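The values are calculated or read from the model by the stated rules, or taken from the named source; none is laboratory data. What you see is a predicted model, and the numbers here were worked out from it, not measured in a lab. Using ideal geometry, Cβ is built from the backbone for each residue, glycine included, and neighbour counts are taken over all protein chains shown.
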Amino acid sequence: MNTDDRELLELAAKAAGIEDGADRIDSGLSLTEKDGRHRYLPRWNALEDDGDALRLAHALRMIIEPLNTLRGEHYGFAAQPSGRDDCGCVELGSEIAALRRAIVRAAAEIGRNMK
């Protein structure tokens with residue numbers, strides 16, 4: 001994973017308040033609870049996992065839409081319903097990959113603007 005993608009994921013996790021999101025990007029995270037029980041949080045990568053991307057969009061109440069052009073190129077669109085400019089439109093080869101990336105980019109912008 002390149003540094004740009006990692007930064008996008010870290011900011012997106014921050015925006016959504018995803019528990020230990022940055023620590024879960026490369027692999028899962030094993031936690032020990034106060035009572036001594038162990039718990040495992042699986043790997044989190046909304047750029048690669050459809051479920052992670054959808055949960056991220058839901059957590060931030062995004063409007064998402066796959067868009068196709070006449071040339072057959074695929075774009076994804078994600079924005080907050082408030083109409084702010086927190087959105088990403090990305091051209092990629094796969095429609096679902098474009099949508100996942102748009103969601104992560106929009107979430108990363110929200111995370112970047114958080115104090």
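One line per residue, one yes/no per condition, for (1) touching a Lys or Arg at 6+ places or on another chain (Cβ under 7 Å); (2) surrounded by 11 or more Cβ atoms within 10 Å (Cβ to Cβ); (3) of a type in the set (Phe, Trp, Tyr):
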site	(1), (2), (3)
Thr3	no, no, no
Lys14	no, yes, no
Pro66	no, yes, no
Gly76	yes, yes, no
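Could you list, in sequence order, all residues of the range 81-111 that are at pLDDT below 75 and touching a Lys or Arg at 6+ places or on another chain (Cβ under 7 Å)?
Pro81, Gly88, Val90, Leu92
Applying the selection to the range 1-39, what residues are part of a loop (DSSP other than H, G, I, E, B), modelled with pLDDT of 80 or more and within 13 Å of the chain's Cα centre (by Cα)?
The answer is Gly17, Ile18, Ile25.
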